[in-house]
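Report on the structure given below.
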Amino acid sequence: MNWMLDAITWVLLLGGAFFSIVGGIGIVRLPDFFARLHGGGITDTLGAGLILLGLMFQAGWSLALVKLIMILAFLFVTSPTACHALAHAALSNGLQPQLVEPETQTCDEGQQP
Amino acid sequence: MTESTQFIVIPLLGLLAATALTVARMRDLWAAVMLSGIYSFLGACWMMVLDAPDVAFTEAAVGAGISTVLMLATLSHTSRTAKSRPRISWPALIVVIVTGSVLAYGTLDMPHYGDPDAPIHRFPSPTYIEKTEHDVHDMPNVVTVVLASYRGYDTLGETTVIFTAAVAVTLLMRIRRPEVTAS
Amino acid sequence: MRSFSILRVVAKLLIPYILLFAFYVQFHGDFGPGGGFQAGVIFAAGIVLYGLIFGLRAAQKVISVTLLEVMIPTGVLIYGGTGVICLLAGGNFLDYRVLDHHWGHGLVPHGQHLGIFLVELGVGITVSGVMIAIFYLFAARRQTS
Amino acid sequence: MLYGLVLLGVVITMCLALYRASQGPTVFDRMLAANMFGTKTVLLICIVSFLIDRTDFLDLALLYSLMSFIGMVAVLRFSKYGTFADVDEAIDQSGPTGKSLRDVS
(Lines give C-alpha, C1' and ligand atoms only; values in the text may rest on other atoms or scores of the structure.)
Protein backbone atom coordinates (compact mmCIF):
# COMPACT_ATOMS: atom_id res chain seq x y z
CA MET A 1 0.00 0.00 0.00
CA ASN A 2 2.74 2.38 0.95
CA TRP A 3 4.86 1.67 -2.08
CA MET A 4 1.83 2.31 -4.23
CA LEU A 5 1.37 5.77 -2.75
CA ASP A 6 5.05 6.43 -3.28
CA ALA A 7 4.83 5.33 -6.90
CA ILE A 8 1.84 7.57 -7.52
CA THR A 9 3.70 10.45 -5.92
CA TRP A 10 6.74 9.83 -8.12
CA VAL A 11 4.68 9.85 -11.27
CA LEU A 12 2.67 12.93 -10.33
CA LEU A 13 5.61 14.98 -9.09
CA LEU A 14 7.84 14.18 -12.05
CA GLY A 15 4.95 14.89 -14.39
CA GLY A 16 4.36 18.21 -12.69
CA ALA A 17 8.02 19.16 -12.94
CA PHE A 18 8.06 18.13 -16.61
CA PHE A 19 5.02 20.22 -17.48
CA SER A 20 6.27 23.23 -15.56
CA ILE A 21 9.56 23.14 -17.47
CA VAL A 22 7.65 22.72 -20.75
CA GLY A 23 5.60 25.80 -19.90
CA GLY A 24 8.76 27.66 -19.01
CA ILE A 25 10.29 26.83 -22.38
CA GLY A 26 7.05 27.91 -24.00
CA ILE A 27 7.10 31.28 -22.29
CA VAL A 28 10.62 31.86 -23.56
CA ARG A 29 10.37 30.48 -27.08
CA LEU A 30 6.88 31.30 -28.35
CA PRO A 31 6.75 34.27 -30.68
CA ASP A 32 4.22 36.74 -29.31
CA PHE A 33 2.33 37.53 -26.15
CA PHE A 34 -0.90 35.74 -26.93
CA ALA A 35 1.00 32.59 -27.80
CA ARG A 36 3.03 32.85 -24.62
CA LEU A 37 -0.17 32.80 -22.60
CA HIS A 38 -0.39 29.09 -23.44
CA GLY A 39 2.94 28.42 -21.79
CA GLY A 40 1.92 30.33 -18.72
CA GLY A 41 -1.35 28.43 -18.57
CA ILE A 42 0.39 25.06 -18.67
CA THR A 43 2.72 25.75 -15.76
CA ASP A 44 0.07 27.46 -13.71
CA THR A 45 -2.57 24.77 -13.89
CA LEU A 46 -1.14 21.47 -15.07
CA GLY A 47 2.30 21.78 -13.48
CA ALA A 48 1.09 23.21 -10.20
CA GLY A 49 -1.90 20.88 -10.09
CA LEU A 50 0.13 17.71 -10.58
CA ILE A 51 2.80 18.71 -8.07
CA LEU A 52 0.25 19.63 -5.41
CA LEU A 53 -1.69 16.44 -6.11
CA GLY A 54 1.49 14.43 -5.71
CA LEU A 55 2.23 16.11 -2.40
CA MET A 56 -1.30 15.32 -1.23
CA PHE A 57 -0.58 11.61 -1.52
CA GLN A 58 2.36 12.09 0.82
CA ALA A 59 0.43 14.20 3.32
CA GLY A 60 -1.96 11.49 4.44
CA TRP A 61 -5.07 12.37 6.43
CA SER A 62 -3.81 15.47 8.18
CA LEU A 63 -4.12 19.24 8.34
CA ALA A 64 -1.50 19.45 5.62
CA LEU A 65 -3.93 17.75 3.22
CA VAL A 66 -6.59 20.37 3.93
CA LYS A 67 -4.10 23.17 3.40
CA LEU A 68 -2.90 21.65 0.13
CA ILE A 69 -6.48 21.36 -1.11
CA MET A 70 -7.05 25.02 -0.25
CA ILE A 71 -3.85 26.06 -2.04
CA LEU A 72 -4.90 24.07 -5.09
CA ALA A 73 -8.36 25.62 -5.02
CA PHE A 74 -6.99 29.16 -4.78
CA LEU A 75 -4.47 28.55 -7.54
CA PHE A 76 -7.14 27.09 -9.78
CA VAL A 77 -9.32 30.13 -9.22
CA THR A 78 -6.72 32.89 -9.38
CA SER A 79 -4.31 31.93 -12.09
CA PRO A 80 -6.75 31.31 -14.97
CA THR A 81 -8.49 34.52 -13.92
CA ALA A 82 -5.21 36.35 -14.08
CA CYS A 83 -4.47 34.83 -17.48
CA HIS A 84 -7.89 35.81 -18.78
CA ALA A 85 -7.62 39.34 -17.42
CA LEU A 86 -4.17 39.71 -18.95
CA ALA A 87 -5.43 38.61 -22.35
CA HIS A 88 -8.39 40.93 -22.00
CA ALA A 89 -6.25 43.90 -21.05
CA ALA A 90 -3.77 43.19 -23.82
CA LEU A 91 -6.57 42.87 -26.35
CA SER A 92 -8.29 46.06 -25.28
CA ASN A 93 -4.97 47.81 -25.68
CA GLY A 94 -4.25 45.82 -28.81
CA LEU A 95 -5.21 48.64 -31.11
CA GLN A 96 -1.65 49.74 -30.82
CA PRO A 97 1.02 47.55 -32.31
CA GLN A 98 2.41 46.29 -29.05
CA LEU A 99 3.19 42.88 -30.51
CA VAL A 100 6.60 43.95 -31.60
CA GLU A 101 7.88 40.71 -33.02
CA PRO A 102 8.13 41.20 -36.78
CA GLU A 103 6.90 37.69 -37.58
CA THR A 104 3.77 38.19 -35.47
CA GLN A 105 1.09 35.61 -36.05
CA THR A 106 -2.50 36.61 -36.26
CA CYS A 107 -3.72 38.06 -33.02
CA ASP A 108 -6.71 35.79 -32.63
CA GLU A 109 -4.67 32.75 -31.81
CA GLY A 110 -4.76 32.86 -28.04
CA GLN A 111 -7.38 35.39 -27.19
CA GLN A 112 -10.25 34.63 -24.89
CA PRO A 113 -12.72 37.49 -24.90
CA MET B 1 17.90 24.31 6.73
CA THR B 2 19.00 20.75 6.29
CA GLU B 3 21.53 18.94 4.16
CA SER B 4 18.91 18.20 1.57
CA THR B 5 18.03 21.83 0.91
CA GLN B 6 21.66 22.91 0.75
CA PHE B 7 21.96 22.58 -3.01
CA ILE B 8 19.03 24.86 -3.73
CA VAL B 9 20.50 27.87 -1.91
CA ILE B 10 23.15 28.68 -4.51
CA PRO B 11 20.74 28.81 -7.51
CA LEU B 12 18.33 30.93 -5.48
CA LEU B 13 21.08 33.39 -4.55
CA GLY B 14 22.19 33.50 -8.18
CA LEU B 15 18.65 34.28 -9.29
CA LEU B 16 18.41 37.02 -6.63
CA ALA B 17 21.62 38.63 -7.89
CA ALA B 18 20.46 38.39 -11.51
CA THR B 19 17.11 40.00 -10.65
CA ALA B 20 18.78 42.80 -8.70
CA LEU B 21 21.15 43.56 -11.59
CA THR B 22 18.24 43.57 -14.04
CA VAL B 23 16.28 45.98 -11.85
CA ALA B 24 19.29 48.27 -11.58
CA ARG B 25 19.72 48.37 -15.36
CA MET B 26 16.02 48.87 -16.09
CA ARG B 27 15.03 52.35 -17.35
CA ASP B 28 11.32 51.60 -17.42
CA LEU B 29 10.14 52.04 -13.85
CA TRP B 30 6.97 50.07 -14.41
CA ALA B 31 8.93 46.99 -15.40
CA ALA B 32 11.24 47.63 -12.46
CA VAL B 33 8.26 47.46 -10.10
CA MET B 34 7.27 44.09 -11.52
CA LEU B 35 10.79 42.77 -11.29
CA SER B 36 11.04 43.91 -7.70
CA GLY B 37 7.91 41.86 -7.07
CA ILE B 38 9.78 38.87 -8.48
CA TYR B 39 12.72 39.78 -6.24
CA SER B 40 10.49 39.61 -3.21
CA PHE B 41 9.13 36.21 -4.30
CA LEU B 42 12.68 34.94 -4.56
CA GLY B 43 13.63 36.47 -1.23
CA ALA B 44 10.77 34.67 0.47
CA CYS B 45 11.83 31.37 -1.13
CA TRP B 46 15.35 31.86 0.12
CA MET B 47 14.22 32.66 3.68
CA MET B 48 11.94 29.66 3.56
CA VAL B 49 14.86 27.42 2.59
CA LEU B 50 16.87 28.93 5.45
CA ASP B 51 14.11 27.84 7.84
CA ALA B 52 12.89 31.33 8.77
CA PRO B 53 9.14 31.19 8.08
CA ASP B 54 8.26 34.28 10.10
CA VAL B 55 10.50 36.51 8.01
CA ALA B 56 9.23 34.84 4.85
CA PHE B 57 5.69 35.51 6.04
CA THR B 58 6.39 39.21 6.39
CA GLU B 59 8.08 39.26 3.01
CA ALA B 60 5.09 37.50 1.48
CA ALA B 61 2.55 39.86 2.99
CA VAL B 62 4.43 43.08 2.34
CA GLY B 63 6.45 42.32 -0.76
CA ALA B 64 3.86 40.56 -2.87
CA GLY B 65 0.70 42.35 -1.84
CA ILE B 66 1.12 45.85 -0.55
CA SER B 67 4.41 47.12 -1.87
CA THR B 68 3.53 46.55 -5.53
CA VAL B 69 0.35 48.55 -5.03
CA LEU B 70 2.13 51.37 -3.22
CA MET B 71 4.97 51.58 -5.74
CA LEU B 72 2.51 51.71 -8.63
CA ALA B 73 0.56 54.38 -6.77
CA THR B 74 3.78 56.35 -6.45
CA LEU B 75 4.46 55.89 -10.16
CA SER B 76 1.05 57.31 -10.95
CA HIS B 77 2.15 60.59 -9.35
CA THR B 78 5.59 60.68 -10.91
CA SER B 79 7.06 59.70 -14.22
CA ARG B 80 7.02 56.18 -15.58
CA THR B 81 10.54 56.18 -16.89
CA ALA B 82 13.81 57.08 -15.26
CA LYS B 83 15.00 60.42 -16.51
CA SER B 84 18.37 59.85 -18.07
CA ARG B 85 20.95 57.16 -18.33
CA PRO B 86 23.37 57.87 -15.49
CA ARG B 87 26.99 58.29 -16.42
CA ILE B 88 29.67 56.33 -14.64
CA SER B 89 31.21 58.46 -11.95
CA TRP B 90 34.73 57.23 -11.35
CA PRO B 91 35.24 58.44 -7.73
CA ALA B 92 31.96 56.84 -6.72
CA LEU B 93 32.92 53.60 -8.46
CA ILE B 94 36.27 53.53 -6.65
CA VAL B 95 34.59 54.17 -3.28
CA VAL B 96 32.08 51.39 -3.94
CA ILE B 97 34.76 48.92 -4.99
CA VAL B 98 36.95 49.70 -1.97
CA THR B 99 34.06 49.46 0.47
CA GLY B 100 32.83 46.27 -1.12
CA SER B 101 36.20 44.59 -0.96
CA VAL B 102 36.68 45.65 2.67
CA LEU B 103 33.29 44.15 3.51
CA ALA B 104 34.11 40.98 1.61
CA TYR B 105 37.42 40.80 3.47
CA GLY B 106 35.53 41.18 6.73
CA THR B 107 33.35 38.17 5.98
CA LEU B 108 36.45 35.96 5.99
CA ASP B 109 36.59 36.29 9.77
CA MET B 110 32.98 35.30 10.22
CA PRO B 111 32.18 31.79 11.46
CA HIS B 112 31.34 29.25 8.80
CA TYR B 113 27.82 28.95 7.52
CA GLY B 114 25.77 26.84 9.92
CA ASP B 115 28.66 26.41 12.33
CA PRO B 116 27.28 25.21 15.68
CA ASP B 117 30.03 27.07 17.53
CA ALA B 118 29.14 30.45 16.02
CA PRO B 119 28.51 33.17 18.62
CA ILE B 120 24.85 33.56 17.73
CA HIS B 121 24.25 29.90 18.39
CA ARG B 122 26.09 30.05 21.70
CA PHE B 123 24.73 33.02 23.54
CA PRO B 124 21.24 34.38 22.92
CA SER B 125 19.29 31.70 21.09
CA PRO B 126 19.61 28.74 23.48
CA THR B 127 18.84 30.90 26.49
CA TYR B 128 15.73 32.29 24.82
CA ILE B 129 14.58 28.86 23.81
CA GLU B 130 15.10 27.47 27.29
CA LYS B 131 13.53 30.49 28.96
CA THR B 132 10.51 30.36 26.66
CA GLU B 133 9.93 26.77 27.69
CA HIS B 134 9.92 27.89 31.31
CA ASP B 135 8.24 31.31 31.16
CA VAL B 136 5.53 30.77 28.58
CA HIS B 137 4.32 27.20 28.59
CA ASP B 138 1.79 27.22 25.82
CA MET B 139 3.46 29.20 23.04
CA PRO B 140 5.30 27.03 20.55
CA ASN B 141 6.39 29.96 18.39
CA VAL B 142 9.50 31.37 20.02
CA VAL B 143 9.71 34.23 17.55
CA THR B 144 6.40 35.68 18.70
CA VAL B 145 7.41 35.36 22.33
CA VAL B 146 10.75 37.06 21.75
CA LEU B 147 9.15 39.88 19.77
CA ALA B 148 6.22 40.57 22.03
CA SER B 149 7.50 39.65 25.45
CA TYR B 150 11.26 39.67 25.83
CA ARG B 151 11.73 42.53 23.39
CA GLY B 152 8.42 44.25 24.10
CA TYR B 153 10.02 47.70 24.24
CA ASP B 154 11.49 47.20 20.78
CA THR B 155 8.16 46.27 19.29
CA LEU B 156 6.47 49.20 21.02
CA GLY B 157 9.05 51.44 19.37
CA GLU B 158 8.41 49.84 15.99
CA THR B 159 4.66 50.30 16.33
CA THR B 160 5.25 53.94 17.16
CA VAL B 161 7.45 54.28 14.08
CA ILE B 162 4.63 52.95 11.89
CA PHE B 163 2.22 55.34 13.58
CA THR B 164 4.60 58.23 12.91
CA ALA B 165 4.91 57.18 9.28
CA ALA B 166 1.15 57.32 8.91
CA VAL B 167 1.04 60.79 10.44
CA ALA B 168 3.81 62.00 8.14
CA VAL B 169 2.20 60.57 5.01
CA THR B 170 -1.14 62.06 6.01
CA LEU B 171 0.42 65.48 6.48
CA LEU B 172 2.17 65.30 3.11
CA MET B 173 -0.46 63.75 0.89
CA ARG B 174 -3.79 64.86 2.27
CA ILE B 175 -6.01 67.01 0.11
CA ARG B 176 -9.04 68.74 1.42
CA ARG B 177 -11.81 67.85 -0.92
CA PRO B 178 -15.20 66.60 0.17
CA GLU B 179 -15.05 63.44 -1.94
CA VAL B 180 -11.91 62.26 -0.20
CA THR B 181 -12.81 62.83 3.42
CA ALA B 182 -15.73 60.48 3.17
CA SER B 183 -17.92 61.38 6.08
CA MET C 1 -12.82 47.91 -13.57
CA ARG C 2 -16.25 47.52 -15.19
CA SER C 3 -15.02 45.58 -18.17
CA PHE C 4 -13.24 42.93 -16.13
CA SER C 5 -16.38 41.13 -15.04
CA ILE C 6 -14.69 37.79 -14.26
CA LEU C 7 -12.11 39.60 -12.17
CA ARG C 8 -14.87 41.23 -10.17
CA VAL C 9 -16.58 37.93 -9.46
CA VAL C 10 -13.36 36.19 -8.47
CA ALA C 11 -12.35 39.08 -6.24
CA LYS C 12 -15.70 38.90 -4.50
CA LEU C 13 -15.03 35.22 -3.95
CA LEU C 14 -11.51 35.77 -2.69
CA ILE C 15 -11.76 38.80 -0.40
CA PRO C 16 -13.60 37.01 2.44
CA TYR C 17 -10.89 34.35 2.51
CA ILE C 18 -8.13 36.96 2.62
CA LEU C 19 -9.80 38.68 5.57
CA LEU C 20 -10.41 35.32 7.28
CA PHE C 21 -6.78 34.38 6.73
CA ALA C 22 -5.74 37.69 8.32
CA PHE C 23 -7.70 36.80 11.44
CA TYR C 24 -6.20 33.31 11.41
CA VAL C 25 -2.70 34.76 11.30
CA GLN C 26 -3.57 37.26 14.02
CA PHE C 27 -5.02 34.81 16.51
CA HIS C 28 -2.96 31.77 15.57
CA GLY C 29 0.35 33.62 15.43
CA ASP C 30 1.36 32.26 18.82
CA PHE C 31 1.28 28.74 17.45
CA GLY C 32 2.39 28.99 13.85
CA PRO C 33 4.32 31.52 11.80
CA GLY C 34 2.90 35.00 11.76
CA GLY C 35 1.78 37.65 14.18
CA GLY C 36 0.24 41.07 14.46
CA PHE C 37 2.27 42.82 11.78
CA GLN C 38 1.65 40.20 9.14
CA ALA C 39 -2.03 39.98 10.01
CA GLY C 40 -2.43 43.73 9.74
CA VAL C 41 -0.81 43.78 6.32
CA ILE C 42 -2.96 40.89 5.06
CA PHE C 43 -6.14 42.55 6.30
CA ALA C 44 -5.11 45.78 4.60
CA ALA C 45 -4.36 43.84 1.42
CA GLY C 46 -7.91 42.50 1.39
CA ILE C 47 -9.35 46.00 1.65
CA VAL C 48 -6.89 47.28 -0.95
CA LEU C 49 -8.01 44.56 -3.36
CA TYR C 50 -11.60 45.66 -2.83
CA GLY C 51 -10.59 49.24 -3.49
CA LEU C 52 -8.70 48.29 -6.63
CA ILE C 53 -11.58 46.38 -8.14
CA PHE C 54 -14.64 48.32 -7.02
CA GLY C 55 -13.17 51.79 -6.71
CA LEU C 56 -11.93 53.95 -3.89
CA ARG C 57 -15.33 55.29 -2.98
CA ALA C 58 -16.72 51.80 -2.42
CA ALA C 59 -13.76 50.90 -0.24
CA GLN C 60 -14.24 54.01 1.83
CA LYS C 61 -17.80 52.93 2.49
CA VAL C 62 -16.42 49.76 4.08
CA ILE C 63 -13.63 51.37 6.10
CA SER C 64 -14.11 55.10 6.28
CA VAL C 65 -11.35 57.62 6.78
CA THR C 66 -12.80 58.46 10.17
CA LEU C 67 -12.59 54.85 11.26
CA LEU C 68 -8.99 54.72 10.09
CA GLU C 69 -8.13 57.80 12.09
CA VAL C 70 -9.53 56.02 15.12
CA MET C 71 -7.83 52.70 14.36
CA ILE C 72 -4.29 54.01 13.95
CA PRO C 73 -3.87 55.51 17.44
CA THR C 74 -6.02 52.84 19.07
CA GLY C 75 -3.51 50.11 18.30
CA VAL C 76 -0.64 52.05 19.83
CA LEU C 77 -2.84 52.85 22.83
CA ILE C 78 -3.68 49.16 23.31
CA TYR C 79 0.02 48.34 23.25
CA GLY C 80 0.99 51.08 25.66
CA GLY C 81 -2.10 50.48 27.79
CA THR C 82 -1.09 46.86 28.30
CA GLY C 83 2.18 48.11 29.72
CA VAL C 84 0.38 50.58 31.97
CA ILE C 85 -1.94 47.84 33.24
CA CYS C 86 1.13 45.80 34.08
CA LEU C 87 2.47 48.80 35.98
CA LEU C 88 -0.81 49.23 37.87
CA ALA C 89 -0.91 45.55 38.71
CA GLY C 90 2.41 45.92 40.45
CA GLY C 91 4.92 44.72 37.89
CA ASN C 92 7.29 46.42 35.50
CA PHE C 93 6.21 48.08 32.27
CA LEU C 94 5.25 45.32 29.78
CA ASP C 95 5.99 42.57 32.29
CA TYR C 96 2.99 40.36 31.65
CA ARG C 97 3.56 37.89 34.45
CA VAL C 98 1.62 40.05 36.89
CA LEU C 99 -1.51 39.60 34.79
CA ASP C 100 -1.73 36.02 36.03
CA HIS C 101 -3.84 36.54 39.10
CA HIS C 102 -6.08 39.33 37.98
CA TRP C 103 -8.09 37.56 35.32
CA GLY C 104 -9.32 34.32 36.77
CA HIS C 105 -7.79 30.97 36.05
CA GLY C 106 -10.45 29.55 33.79
CA LEU C 107 -10.52 32.51 31.45
CA VAL C 108 -6.87 32.99 30.62
CA PRO C 109 -4.32 30.22 30.59
CA HIS C 110 -1.32 32.33 31.39
CA GLY C 111 -0.45 35.97 32.04
CA GLN C 112 2.28 35.96 29.41
CA HIS C 113 -0.16 34.58 26.89
CA LEU C 114 -2.70 37.29 27.60
CA GLY C 115 -0.10 40.04 27.40
CA ILE C 116 1.28 38.79 24.09
CA PHE C 117 -2.26 38.46 22.72
CA LEU C 118 -3.12 42.07 23.61
CA VAL C 119 0.14 43.44 22.29
CA GLU C 120 -0.18 41.61 18.99
CA LEU C 121 -3.75 42.86 18.69
CA GLY C 122 -2.52 46.43 19.08
CA VAL C 123 0.18 45.96 16.46
CA GLY C 124 -2.30 44.40 14.05
CA ILE C 125 -4.85 47.21 14.39
CA THR C 126 -2.25 49.92 13.89
CA VAL C 127 -0.54 48.28 10.94
CA SER C 128 -3.75 47.53 9.06
CA GLY C 129 -4.96 51.08 9.66
CA VAL C 130 -1.71 52.59 8.46
CA MET C 131 -1.51 50.47 5.31
CA ILE C 132 -5.10 51.22 4.30
CA ALA C 133 -4.60 54.92 5.08
CA ILE C 134 -1.50 55.14 2.91
CA PHE C 135 -3.33 53.45 0.05
CA TYR C 136 -6.28 55.83 0.37
CA LEU C 137 -4.04 58.87 0.45
CA PHE C 138 -2.08 57.80 -2.62
CA ALA C 139 -5.14 56.76 -4.57
CA ALA C 140 -7.24 59.81 -3.75
CA ARG C 141 -4.87 62.16 -5.53
CA ARG C 142 -5.35 62.29 -9.20
CA GLN C 143 -2.45 62.28 -11.54
CA THR C 144 -1.21 65.84 -11.75
CA SER C 145 1.02 65.74 -14.78
CA MET D 1 15.93 12.64 -4.03
CA LEU D 2 12.52 12.93 -5.66
CA TYR D 3 11.80 16.24 -3.96
CA GLY D 4 15.24 17.47 -5.00
CA LEU D 5 14.51 16.68 -8.66
CA VAL D 6 11.17 18.46 -8.55
CA LEU D 7 12.77 21.41 -6.76
CA LEU D 8 15.34 21.61 -9.52
CA GLY D 9 12.59 21.60 -12.13
CA VAL D 10 10.80 24.44 -10.36
CA VAL D 11 14.00 26.48 -10.15
CA ILE D 12 14.71 25.94 -13.84
CA THR D 13 11.21 27.21 -14.63
CA MET D 14 11.92 30.23 -12.44
CA CYS D 15 15.04 30.97 -14.49
CA LEU D 16 13.05 30.79 -17.72
CA ALA D 17 10.33 33.06 -16.32
CA LEU D 18 12.97 35.50 -15.12
CA TYR D 19 14.42 35.61 -18.62
CA ARG D 20 11.02 36.50 -20.04
CA ALA D 21 10.42 39.08 -17.31
CA SER D 22 13.68 40.84 -18.03
CA GLN D 23 13.46 40.63 -21.83
CA GLY D 24 9.71 40.86 -22.37
CA PRO D 25 8.94 43.40 -25.06
CA THR D 26 5.58 44.40 -23.62
CA VAL D 27 4.45 44.90 -20.04
CA PHE D 28 2.01 42.04 -20.46
CA ASP D 29 4.85 39.61 -21.04
CA ARG D 30 6.43 40.78 -17.83
CA MET D 31 3.13 40.44 -16.00
CA LEU D 32 2.68 36.92 -17.33
CA ALA D 33 6.15 36.01 -16.17
CA ALA D 34 5.58 37.57 -12.75
CA ASN D 35 2.32 35.68 -12.35
CA MET D 36 4.05 32.43 -13.27
CA PHE D 37 6.79 33.26 -10.81
CA GLY D 38 4.21 33.58 -8.05
CA THR D 39 2.84 30.11 -8.80
CA LYS D 40 6.34 28.67 -8.85
CA THR D 41 7.04 30.27 -5.47
CA VAL D 42 3.98 28.59 -4.01
CA LEU D 43 5.15 25.24 -5.38
CA LEU D 44 8.69 25.71 -4.09
CA ILE D 45 7.45 26.52 -0.60
CA CYS D 46 5.17 23.47 -0.60
CA ILE D 47 7.97 21.16 -1.69
CA VAL D 48 10.49 22.60 0.76
CA SER D 49 8.05 22.27 3.63
CA PHE D 50 7.58 18.59 2.77
CA LEU D 51 11.31 18.17 2.31
CA ILE D 52 12.18 19.45 5.78
CA ASP D 53 9.02 17.87 7.19
CA ARG D 54 7.51 21.03 8.63
CA THR D 55 4.10 20.99 7.03
CA ASP D 56 2.85 23.90 9.13
CA PHE D 57 4.84 26.12 6.76
CA LEU D 58 2.11 25.52 4.21
CA ASP D 59 0.39 28.62 5.62
CA LEU D 60 3.01 30.58 3.77
CA ALA D 61 2.13 28.99 0.44
CA LEU D 62 -1.53 29.70 1.12
CA LEU D 63 -0.69 33.34 1.75
CA TYR D 64 1.32 33.57 -1.46
CA SER D 65 -1.44 32.07 -3.56
CA LEU D 66 -3.74 34.80 -2.25
CA MET D 67 -1.27 37.67 -2.36
CA SER D 68 0.18 37.35 -5.84
CA PHE D 69 -3.32 37.93 -7.15
CA ILE D 70 -3.44 41.39 -5.54
CA GLY D 71 -0.24 42.52 -7.21
CA MET D 72 -1.62 41.24 -10.48
CA VAL D 73 -4.86 43.20 -10.13
CA ALA D 74 -2.92 46.33 -9.21
CA VAL D 75 -0.76 46.11 -12.31
CA LEU D 76 -3.79 45.42 -14.49
CA ARG D 77 -5.66 48.38 -13.13
CA PHE D 78 -2.66 50.60 -13.50
CA SER D 79 -2.13 49.46 -17.06
CA LYS D 80 -5.72 50.31 -17.91
CA TYR D 81 -6.24 53.61 -16.14
CA GLY D 82 -2.82 54.85 -15.13
CA THR D 83 -4.14 55.88 -11.73
CA PHE D 84 -5.72 54.32 -8.69
CA ALA D 85 -8.24 57.09 -8.24
CA ASP D 86 -11.86 56.56 -9.18
CA VAL D 87 -12.47 57.01 -12.87
CA ASP D 88 -15.59 58.25 -14.55
CA GLU D 89 -18.04 55.70 -15.84
CA ALA D 90 -17.66 56.87 -19.42
CA ILE D 91 -13.91 56.29 -19.42
CA ASP D 92 -14.46 53.06 -17.56
CA GLN D 93 -16.64 51.66 -20.31
CA SER D 94 -14.57 52.75 -23.22
CA GLY D 95 -11.59 50.49 -22.73
CA PRO D 96 -8.24 51.48 -24.14
CA THR D 97 -6.57 54.49 -22.66
CA GLY D 98 -4.53 55.48 -25.64
CA LYS D 99 -1.31 55.38 -23.68
CA SER D 100 1.43 53.43 -25.30
CA LEU D 101 2.28 50.28 -23.42
CA ARG D 102 5.52 49.62 -25.14
CA ASP D 103 8.69 49.84 -23.18
CA VAL D 104 10.93 52.75 -23.81
CA SER D 105 14.20 50.92 -23.73
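Tabulated values for the structure
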{"item": "Matching residues in region D:2-40 - criterion: being open to solvent by 10 Å² or more (accessible area, probe 1.4 Å), among the polar types (S, T, N, Q) and within 17 Å of A:Ile42 (Cβ to Cβ)", "result": "D:Asn35"}
{"item": "Extreme residue, surrounded by the fewest Cβ atoms within 10 Å (Cβ to Cβ), among residues of region B:6-25 that are more than 14 Å from D:Val11 (Cβ to Cβ) and in contact (Cβ under 8 Å) with a residue 12 or more places away in the chain", "result": "B:Ala20"}
{"item": "Some residue of region C:105-113 being touching a helix residue (DSSP H, G or I) at 6+ places or on another chain (Cβ under 8 Å) and either away from chain B (no Cβ under 11 Å) or free of Cβ contacts under 8 Å to residues at least 12 places away in the same chain (or both)", "result": "yes"}
{"item": "Helices (runs of 4 or more DSSP H) completely within region C:4-117 that count 2 or more residues being open to solvent by 80 Å² or more (accessible area, probe 1.4 Å)", "result": "C:5-28, C:56-62, C:65-88"}
{"item": "Residue selected from region B:146-157 under the condition modelled with pLDDT under 90 and surrounded by fewer than 16 Cβ atoms within 10 Å (Cβ to Cβ), by the criterion nearest to the other protein chains (Cβ to nearest Cβ)", "result": "B:Tyr153"}
{"item": "Residues that are modelled with pLDDT of 90 or more and surrounded by 10 or more Cβ atoms within 10 Å (Cβ to Cβ), drawn from region B:93-119", "result": "B:Leu93, B:Ile94, B:Val95, B:Val96, B:Ile97, B:Val98, B:Thr99, B:Gly100, B:Ser101"}
{"item": "Odd one out for D:Ile47, checked against (1) open to solvent by less than 10 Å² (accessible area, probe 1.4 Å); (2) farther than 21 Å from B:Ala32 by Cβ; (3) not in a helix (DSSP H, G or I)", "result": "(3)"}
{"item": "Answer residue from region A:19-61, given it is open to solvent by 50 Å² or more (accessible area, probe 1.4 Å) and either of a type outside the set (A, V, I, L, M) or within 8 Å of another protein chain (Cβ to nearest Cβ) (or both) and is nearest to D:Ile12 (Cα to Cα) among those", "result": "A:Ile25"}
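The values are calculated or read from the model by the stated rules, or taken from the named source; none is laboratory data. Keep in mind the model is a prediction, meaning the values are calculated, not measured. Reconstructed Cβ throughout: ideal geometry from the backbone, glycine too, with neighbour counts over all protein chains shown. The protein model used for the area step is the full one, side chains on, heavy atoms only, and it has no ligands, DNA or RNA in it. Shrake-Rupley method; radii C 1.70, N 1.55, O 1.52, S 1.80 Å.
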